[in-house]
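So the structure is just underneath, and the comments pick up after that.
The values are calculated or read from the model by the stated rules, or taken from the named source; none is laboratory data. Keep in mind that what you see is a predicted model, and the values were worked out from it rather than measured. Cβ sites come from the backbone with ideal geometry, for glycine too, and all protein chains shown count toward neighbours. For accessibility, only protein heavy atoms count, side chains too; no ligands or nucleic acids. Shrake-Rupley method; radii C 1.70, N 1.55, O 1.52, S 1.80 Å.
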Amino acid sequence: MTEIFGVPMPVLLGQILIGLINGSFYAVLSLGLALIFGLLNIINFAHGALYMLGAFVAYWLLNLLGIPYWGALLLAPLAVGVFGVLLERVLLKPIAGLDHLYGLLLTFGLALILEGVLRDGYGSTGMPYAIPDGLKGGFNLGFMFMPTYRAWVIVASLAVCLGTWLLVEKTPLGARLRAATENPTLVRAFGINVPLMITLTFGFGAALAAFAGVLAAPIYAVNPTMGANLIIVVFAVVVIGGMGSILGAITTGFMLGLIEGLTKVYYPEGSAMVVFVIMAIVLLVKPAGLFGKAS
Amino acid sequence: MPDLLTIRDLHAWYGESHVLHGVTLSVPEGQVVTLLGRNGAGKTSTLRAIMGAGITRKGSVQLGDSELSSLAPHRIPRLGVAWCPEERGIFASLSVAENLALPPVLLAGGMSTEEVLDLFPRLREKAGGQGTKLSGGEQQMLAIGRILRTGARLLLLDEPTEGLAPVIVQQIGQIISVLRERGFTILLVEQNFKFASRLADRHYVVEHGQVVDCVERADLAAGRGRLETYLGV
Ligand SMILES: Nc1ncnc2c1ncn2[C@@H]1O[C@H](COP(=O)(O)OP(=O)(O)O)[C@@H](O)[C@H]1O
Ligand SMILES: [Mg+2]
């Protein structure tokens with residue numbers, strides 16, 4: 001059997017696959033965080049809770065309304081997006097313009113509330129969510145067995161990331177968004193409703209998180225703490241990529257997922273902390289992040 | 001000519017800091033009117049107060065029949081006024097073409113993108129480049145050019161010649177004359193009196209957040225000395 005540095009090929013590829021899956025979630029979540037940070041100047045600590053909420057909405061849709069996975073993939077982001085819009089209007093808007101710290105603490109508290117309420121109702125063991133029929137099983141790539149659902153997660157995440165990137169970088173709407181990130185006062189003086197744009201951006205970021213949550217539901221169990229565990233790594237990803245950089249968030253997300261996977265193969269003890277070690281190094285060498293512009 | 005813009009007893013604040021103390025002035029339709037005055041007099045703040053951009057204001061700002069001072073900032077441009085800020089406000093994350101296309105067309109009768117590019121041919125050559133990679137003069141032309149598409153009839157130009165080479169200043173002067181001929185009404189903030197005196201139909205002098213003097217073009221010969229004293233030329 002082929003070995004790479006003493007590791008059998010299938011094991012290596014298996015970990016790379018897991019790395020890419022984790023990377024998909026990192027990428028979609030840090031993308032939403034980057035968009036929100038860019039326009040709202042808020043470090044959204046509730047992002048993990050919104051991801052978790054997406055998985056829960058999928059669970060409720062299935063078990064209360066009988067709406068299957070594919071419906072949930074559309075409806076859960078929509079529902080959480082609307083929830084995000086309300087959050088922004090009711091809670092975040094009043095503290096806009098204050099120090100970062102207020103938004104950070106508020107969203108942190110919000111995350112604790114959402115998780116607490118759901119833990120109260122559902123415990124913390126987690127509920128299974130079946131893989132949808134069309135995506136069960138797997139296929140043989142010749143060199144390894146590829147579970148269909150995992151391939152789908154990677155493809156769907158890449159598509160969402162690419163779509164968002166194109167929207168932001170290549171469309172007139174995206175140009176408005178970038179401009180409002182730089183100078184909201186002037187963009188508003190051009191007659192563009194910036195407050196509305198801010199609200200919708202937060203809603204969109206929340207929807208992205210929920211989308212990742214639905215993708216995650218069949219892989220991990222639907223669990224009130226699933227977001228809290230993930231979001232810490234995602235924040236490290238955002239710091240490494242550079243706050244507010246869209247491309248940085250996406251690339252760094254996938255890249256760190258991969259690095260984590262590889263570390264699991266070659267130095268399993270280090271896999272839980274490799275992201276944070278990289279974060280520390282990046283902070284020392286390039287504090288603005290790999291893709292960030294020094295301000 | 002009837003007045004297109006009428007400002008009465010306009011006060012404005014940055015946070016707690018009271019910077020305009022009752023500005024009163026008017027701009028007749030189709031004319032070029034300047035705000036002259038030293039650094040810190042309140043010229044930029046007056047333009048900001050008209051737009052509601054980053055400043056709190058009180059008093060009356062009338063554009064035609066509409067009162068602007070109580071409107072949300074993004075509604076004001078929809079009534080036909082556009083602002084070119086002192087710092088020019090070219091967006092670094094946007095290309096030249098994107099910068100040009102950014103301000104939405106809000107009213108009929110604005111210039112087409114082609115017409116704007118005919119007016120500023122340099123921008124056509126550099127359309128794909130990053131907005132902030134342009135020279136100072138080109139950035140100023142982009143900042144003026146992009147608001148000409150919006151359909152605004154009143155343009156607020158804040159020191160368009162600041163920091164530019166004499167040739168460019170001359171070009172900008174020609175552009176302003178062209179715009180006037182096209183029927184735009186212009187409120188022009190300037191420190192360069194020589195430049196302003198060639199273009200304007202009326203001059204206001206701003207000091208300590210108030211309008212302290214007004215000289216019509218016809219009285220310029222008599223008033224020039226007075227204006228120069230205010231400006232410390
Ligand atoms: N963003 C701001 N915050 C607080 N004070 C300001 C700000 N901008 C200008 N000022 C003050 O307001 C006054 C008027 O400034 P400004 O309108 O910019 O003058 P001008 O354009 O005539 O040079 C000055 O005293 C200036 O220091
Ligand atoms: Mg000024």
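Using a simple spin-label model with pseudo-atoms 7 Å out from Cα toward Cβ, B:Thr132 and B:Arg182 lie 2.8 nm apart. Think of chain B as a dipole: +1 on every Lys or Arg Cβ, -1 on every Asp or Glu Cβ, centred on the Cα centre; then among B:Leu227, B:Gln210, B:Ala41, B:Ala41 lies furthest on the positive end.
If I take every Cα pair under 8 Å that is 6 or more residues apart in chain B, average their sequence separation and divide by the length, what percent do I get for the relative contact order?
Details: 457 pairs, mean separation 64.5, N = 233.
28 percent.
With respect to chain B, whose longest principal axis is taken over its alpha-carbon atoms, helix B:220-231 is tilted by about 90°.
Across q = 0.16 Å⁻¹, the stretch A:3-285 modelled as identical point scatterers on its alpha-carbon atoms has Debye log10 I(q)/I(0) values of -1.30, in the order of the q list.
For the stretch B:38-54, 3J(HN,Hα) computed residue by residue from phi via the Karplus equation (6.51, -1.76, 1.60; θ = phi - 60°) reads 6, 3, x, 6, x, 5, 4, 4, 4, 5, 4, 5, 5, 7, x, 9, x Hz, glycine and proline entered as x. Between 0 and 90 degrees, rounded to the nearest ten: what's the tilt of helix A:9-40 against the longest Cα principal axis of chain A? Rounded to the nearest ten degrees, it is 0.
With a 10 Å cut-off around each Cβ of B:101-108, the average count of Cβ atoms from other chains is 4.
Only helices enter this figure: runs of n ≥ 4 DSSP H residues, each worth -39500 (n - 2.57), summed and divided by the residues of the protein assembly as shown, yield -17500 deg cm²/dmol at 222 nm to the nearest 500.
Roll a 1.4 Å probe over the protein chains and send me the accessible area per residue for chain A in Å².
Result: 44 Å² per residue.
Between B:Gln62 and A:Leu166, the FRET efficiency estimated from the beta carbon spacing at R0 = 35 angstrom works out to 0.20. Bridges between two residues of the protein assembly as shown, per DSSP, are antiparallel at a rate of about 65%.
Please grab the % of Cα pairs in the protein assembly as shown that end up more than 30 Å from each other. Everything past 30 Å amounts to 57 percent.
A Förster distance of 45 Å, applied to the separation of the beta-carbon atoms of B:Asp213 and A:Leu247, puts the FRET efficiency at 0.25.
Say a paramagnetic label sat at a point 7 Å from the Cα of B:Val167, along Cα to Cβ; which residues of the stretch B:108-136 have their backbone N under 14 Å from it? Inside the label zone: B:122, B:135-136.
Given +1 at the Cβ of Lys and Arg, -1 at the Cβ of Asp and Glu and no other charges, the dipole of the protein assembly as shown around its Cα centre is 260 debye to the nearest 20.
Note on the stretch A:120-159 and the stretch B:164-227: Cα centroid distance 69 Å, given to the nearest whole angstrom. Once the Cα atoms are used to define both axes, helix B:166-181 deviates from the longest principal axis of chain B by about 80 degrees.
Mean sequence separation of contacting Cα pairs (under 8 Å, at least six apart), scaled by the length of chain A, corresponds to a relative contact order of 38 percent. Grab the beta carbon distance between A:Ile113 and A:Tyr267, set R0 = 35 Å, and tell me the FRET efficiency rounded to 0.05. That pair, A:Ile113 with A:Tyr267, gives E of 0.40.
Heavy-atom accessible surface of the stretch B:95-233, averaged per residue, reaches 43 Å², computed with a 1.4 Å probe. The aspartates and glutamates whose alpha-carbon is closer than 19 Å to the alpha-carbon of A:Lys170, local same-chain residues fewer than 8 away aside, are A:Glu182, B:Glu98. Between the exposed loop cleavage positions of chain B, defined as GluC sites (Glu not before Pro) in a non-H, G, I, E, B DSSP state with at most 15 neighbouring beta-carbon atoms within 10 angstrom, the longest gap is B:88-233. About its Cα centre, the dipole of the stretch A:3-285 is roughly 480 debye, where the only charges are +1 on Lys and Arg Cβ and -1 on Asp and Glu Cβ.
Taking the charge dipole of the stretch A:3-285 about its Cα centre, with +1 at Lys and Arg Cβ atoms and -1 at Asp and Glu Cβ atoms, the residue from A:Ala76, A:Gly109, A:Ala175 reaching farthest to the positive side is A:Ala175. Under a 5 Å amide H cut-off, with hydrogens placed 1.01 Å from N, B:Asp213 pairs with B:Val205 among residues at least 5 apart or on other chains.
First compute the accessible area of the protein assembly as shown with a 1.4 Å probe, then give the percent of it belonging to carbon and sulfur atoms. Don't skip to the end; give the middle numbers.
On the way: 14110 of 22550 Å².
Within the protein assembly as shown, the accessible surface is 63 percent carbon and sulfur.
Which one of A:Pro147, A:Gly242, A:Tyr51 has its Cα pushed farthest toward the positive end of the charge dipole of the protein assembly as shown, where Lys and Arg give +1 and Asp and Glu give -1 at the Cβ? The residue sitting most towards the positive pole is A:Pro147.
Tell me the Kirkwood hydrodynamic radius of the stretch A:1-138 in angstroms, computed as one over the mean inverse distance between distinct C-alpha pairs.
Values: mean 1/r = 0.0568 Å⁻¹.
In the stretch A:1-138 this quantity evaluates to 17.6 Å.
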